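A.B. asks: Submitted below is the structure of interest, expressed as structure tokens.
The values are calculated or read from the model by the stated rules, or taken from the named source; none is laboratory data. Given the structure is predicted, the values throughout are model-derived calculations rather than measurements. Cβ atoms come from the backbone with ideal geometry, glycine included; neighbour counts cover every protein chain shown. Note: accessible area is taken over every heavy atom of the protein model, side chains too, but ligands, DNA and RNA are not part of it. Shrake-Rupley method; radii C 1.70, N 1.55, O 1.52, S 1.80 Å.
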Amino acid sequence: MTKSVKIFWRIFFGAFAAILLLLLMINLGWIGDMPSIDDIENPTASQASQVFADDGTPMGKYYIEDRVNVLTRDISKHVINALVATEDKRFYDHSGIDGYSLMRAFLYLGSEGGASTITMQTAKNLFTENWSTKNILLRSIQKLKEGIIAIKLERNFTKEEILTLYLNTVAFGDNVFGIRNASNTFFQKEPDRLNVEEAAVLIGMINGPGIYNPRTNPRRALERRNLVLNRMVTKNYLTQAEADVLKRKPIELSYRKLNENNGLGPYFRMILGEDMKKWCKEHKKNNGDSYNLYRDGLKIYTTISPRMQQYAEEAVGKHLSYMQKILNNQDNIKKGTVWKGYENVIESAARQSERWRNLKKDGMEDDDIRNTFDQKIPMHIFAWNNTRGKDTVMTPYDSIKYHRQMLQAGFMVMNPLDGQVKAWVGGIDFKTYKFDHANINTKRQVGSTMKPLLYSLAIEEGGFTPNTMVNDQQQSFGGYGMVPATSKTCTGTTMPMALALAKSRNCATAYVLKQLDNGGNEGAKRLITFLRKCDFTSTIPAYPSIGIGAVELSLYEMMQGYSMFPGRGFNAKPMYITRIEDRNGNVLATFTPHRKEVISDRTAYSVIKMMQGVMTIGTGAGIANYDMPSMEIAGKTGTTNDNADAWFMGYTPQLLAGGWVGCDDRFIHFNTESHNGEGGRSTMPIWAYFMIKAAADPNCGIDTKLTFVKPETMPEININFNDPTPLLDGESEETGTGKQNDYEVPKGIKAEDILPESQLEDDKKITPPGKTNDNKNKPSAKPVTPATLPPNTPKAEMPKKKPGGN
């Protein structure tokens, strides 16, 4: 053997040994992490957690990568055929590594296609965190690692299981991962119902999710789909004649991507997400790690009714769009004088805006940034129409004022017997206003909606009845001052307590509070103790004025407090999760109603009868102006000083709903001389619009013939609601009666139906500045066909094939 031959064999065997050593080191995890056999036998990938309504309707997801797994049997054969024909035509013939493709990639340096098989790509998606590097050495190690894992996958899984693993982990564009999400997002179908051409569109995206996205690049997507169809012909999955027919068809998209903005109940899902993050932190998986809401594929089942949620959103939109027009017609709003003395609010908002932060990052000085806020620019702003937005031209400074002058709302619907929340509206538009007004941490003054709670205490512990006579006079509480602060709404007469509630008399309410204890402030302390018994958790100062609602509480707490009336004395804590499952359907937690007895059923029925008077002859009598179904209703309006807060809490024997309306900046409100800022005008109509639709829908299960049940041993309550005095605005101690023209609605203003926020699509076409984008009957995406392409349109440049393409 010559010396040169010896050197050759030494180099050969040395290189061979080095390669074996390298493979062994990679396999042992000495060069980068390597999944264990257990990991390979039980592969996992980041999955989106899903939220479901009470009827199983998908509401939305929480995710970093939008991925939801699906079983092999639930994938159309057309998807499988298109995948194999396009990505790995010898898939069924190799054992994870395709020698032919490997040799071709080596000889042509990848210019004729890569060496990755579907199995290798699956290994990459599952275990290598999708490395992407131009470093040849690192890339080579990466490919060796993928090959080793691919061989192990082939040994542990069937070909069908590997295809399913791949389809569950591959990216399809728009941050959508997995065949099920892609199918639902682009075609509104489950993956087992995809036809041949739809399957070809989705598989065509795999090689270039951004380039071949049919939503953003329809022409390239069309060409790529037809290429996939041709490859299916070469594998005999289609005949040439069938492919020719399919290639003449357009791409018919039905695009809708569930995200934080456009799923069902976006405000609710934001609050739910915060609660779920706490739950995940407190609960551990079998390996000791805490659950991750964004990666672990949890399934969260809620109590939300899709129909009631949409009716609630419609009701808020219908009424607030109307009330906003009235507010905009107000003199101080039209002239901008409402901002006099509050310019600092605008300046603070400007400095906290995303525009300011971005310009600051670009190195611009504060004075220069501030000057940009006075320059008119095209922008998209919130507007009351079906898309809740329009394009216009204005200064950023004026945009801040415009958006802060919008009336906001919180509206909740729940079953008072078990606390299940059926609808949750936290504001007027989640895309523009992320602040939720319905949750337990958002508090506003409750005004006269406190009165039924005080009166129930007076009946339960003070010996009062609905017919107990009370004095409608200003009351002195010693060192704590006079309640109410002014006596101008006091009539000085005596009346039944039920009439005092119906007419919302502040002075008579102060009298009731004083009768609970003549010690100066003990009545207020007793009321606080009672509210604590009702599970109010807010800080409540011990002042007599809390009896007429001078206290900040949340809508969430008010819902729980009021549930004891239709609940026959039992208070029900609002609940909105029924169970939580892991990605495999194993139940991790279940939730049951939390009820406790707070008052007797006699007291509850007494208050119901009084609150029915509110709706017939009192501050809620305006309900008769709406086309309400014939059913038993009880409720209470509430209005605070300066009309800053408007409330209405109402219920039937089956359903409790409550709402608040106001501006986030309390100095922006309806004039105090106007009744428009009262709960009966600003908020009660939302309740009415909602109940009209819900009661008419059999799917909501509302029986309009049900009545409030009187305790068996309790005699019937007969209340004298006759009152010779006119109905004054007694809810807000600073509000006068005003004049007739203060209450007239400006001409040309009427309530209009606005689509519910949950039906809005996330992507809207941009219209030129100054034009609105109402799109009341927005058409679906226009089909893209070969015939619609311009005659001389050049073919899209095909990208260089990435590893894995064949």
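A.B. asks: Give the Debye-formula value of log10 I(q)/I(0) at each listed q (0.13, 0.15, 0.25 Å⁻¹), with one equal scatterer per alpha carbon of the range 618-714, two decimals each.
C.D. replies: Debye output, listed in q order: -0.50, -0.63, -1.24.
A.B. asks: Could I ask something else about it? Under the √(5λ) rule applied to the eigenvalues of the Cα gyration tensor, what semi-axes describe the equivalent ellipsoid of the range 330-369? Give them in Å, descending.
C.D. replies: 28, 9, 8
A.B. asks: Can you give the percent of C-alpha pairs in the range 480-585 whose distance is more than 22 Å?
C.D. replies: Counting every Cα pair in the range 480-585, those more than 22 Å apart make up 45 percent.
A.B. asks: If only Cα atoms are counted, what is the Rg of the range 385-428, and what is its Dmax, in Å?
C.D. replies: 16.5, 50
A.B. asks: Percent of accessible area on the range 372-468 owned by carbon and sulfur, 1.4 Å probe?
C.D. replies: Percent of accessible area from carbon and sulfur atoms in the range 372-468: 50.
A.B. asks: Which trypsin sites (Lys or Arg not before Pro) from the range 562-666 combine a DSSP loop assignment with at most 15 other Cβ atoms within 10 Å?
C.D. replies: Answer in residue order: Arg666.
A.B. asks: In vacuo Debye scattering of the range 621-675, one point per C-alpha: log10 I(q)/I(0) at q = 0.30 Å⁻¹?
C.D. replies: Summing over Cα pairs of the range 621-675 leads to -1.21.
A.B. asks: Send over the per residue convex hull volume for the range 300-375, Cα only, as a whole number of Å³.
C.D. replies: Roughly 176 Å³ of hull volume per residue.
A.B. asks: Would you list Arg231, Arg215 from the most to the least accessible area, probe 1.4 Å?
C.D. replies: Largest to smallest exposure gives the sequence Arg215, Arg231.
A.B. asks: When 1/r is averaged over all different Cα pairs and the result inverted, which Kirkwood radius in Å belongs to the range 593-650?
C.D. replies: In the range 593-650 this quantity evaluates to 13.2 Å.
A.B. asks: Could you put Thr465, Thr537 in order of accessible surface area, largest first, with the 1.4 Å probe and the full protein assembly present?
C.D. replies: The residues order as Thr537, Thr465, largest area first.
A.B. asks: Within the set Lys61/Lys277; Lys281/Lys434; Lys278/Lys361; Lys189/Lys257; Lys443/Lys609, which residue pairs have Cα atoms separated by over 22 Å?
C.D. replies: The pairs that break the limit, which is 22 Å between Cα atoms, are Lys281/Lys434; Lys278/Lys361; Lys443/Lys609.
A.B. asks: Which number comes out as Rg/Rh for the range 473-523 once both Rg and the Kirkwood Rh are worked out on C-alpha atoms?
C.D. replies: That ratio equals 0.96.
A.B. asks: Between the alpha-carbon centers of the range 297-322 and the range 525-553, tell me the distance in whole angstrom.
C.D. replies: 30 Å
A.B. asks: Between Asn586 and Lys340, what is 0.36 nm times their sequence separation minus the Cα-Cα distance? Round to one decimal in nm.
C.D. replies: Extra length from Asn586 to Lys340 when fully extended: 82.7 nm.
A.B. asks: Another question, if that's okay. For a quick protection proxy, order the peptides 651-660, 626-635 by their average other-Cβ count within 10 Å, most packed first.
C.D. replies: Going from most to least packed, we get 651-660, 626-635.
A.B. asks: Using 10 Å bins from zero, what percent of all Cα-Cα pairs in the range 175-305 falls into each bin?
C.D. replies: Calculated over all Cα pairs of the range 175-305, the distribution is 11, 32, 25, 18, 12, 3 percent.
A.B. asks: Please sort 421-429, 67-75 by packing, taking for each peptide the average over its residues of neighbouring beta carbons within 10 angstrom, highest first.
C.D. replies: Order by mean packing, descending: 421-429, 67-75.
A.B. asks: I want to verify the translational diffusion coefficient of the range 350-485 in µm²/s; compute it with Stokes-Einstein, Rh as the Kirkwood radius over Cα pairs, at 10 °C and 1.306 mPa s.
C.D. replies: 78 µm²/s
A.B. asks: Here's a follow-up. In nm², what is the average projected area of the convex hull enclosing the Cα atoms of the range 209-269?
C.D. replies: It is 5.6 nm².
A.B. asks: Now for a separate question. Quick one: which residues, 5 or more positions from Asp66 or on another chain, have an amide H under 5 Å from its amide H? H modelled 1.01 Å from N in the peptide plane, none for Pro or chain starts.
C.D. replies: Those qualifying (amide H under 5 Å, at least 5 residues apart or on another chain) are Phe177.
A.B. asks: Could I get the Rg over Rh figure for the range 320-418? Both from C-alpha atoms, Rh via Kirkwood, rounded to two places.
C.D. replies: Across the range 320-418, the Cα-based Rg/Rh ratio is 1.08.
A.B. asks: Put one equal scatterer on each alpha carbon of the range 554-689, apply the Debye formula with no solvent term, and list log10 I(q)/I(0) at q = 0.17 1/Å to two decimals.
C.D. replies: Reported log10 I(q)/I(0), two decimals: -0.94.
A.B. asks: Two-decimal Rg/Rh of the range 532-633 from alpha-carbon positions, Kirkwood Rh?
C.D. replies: 1.09
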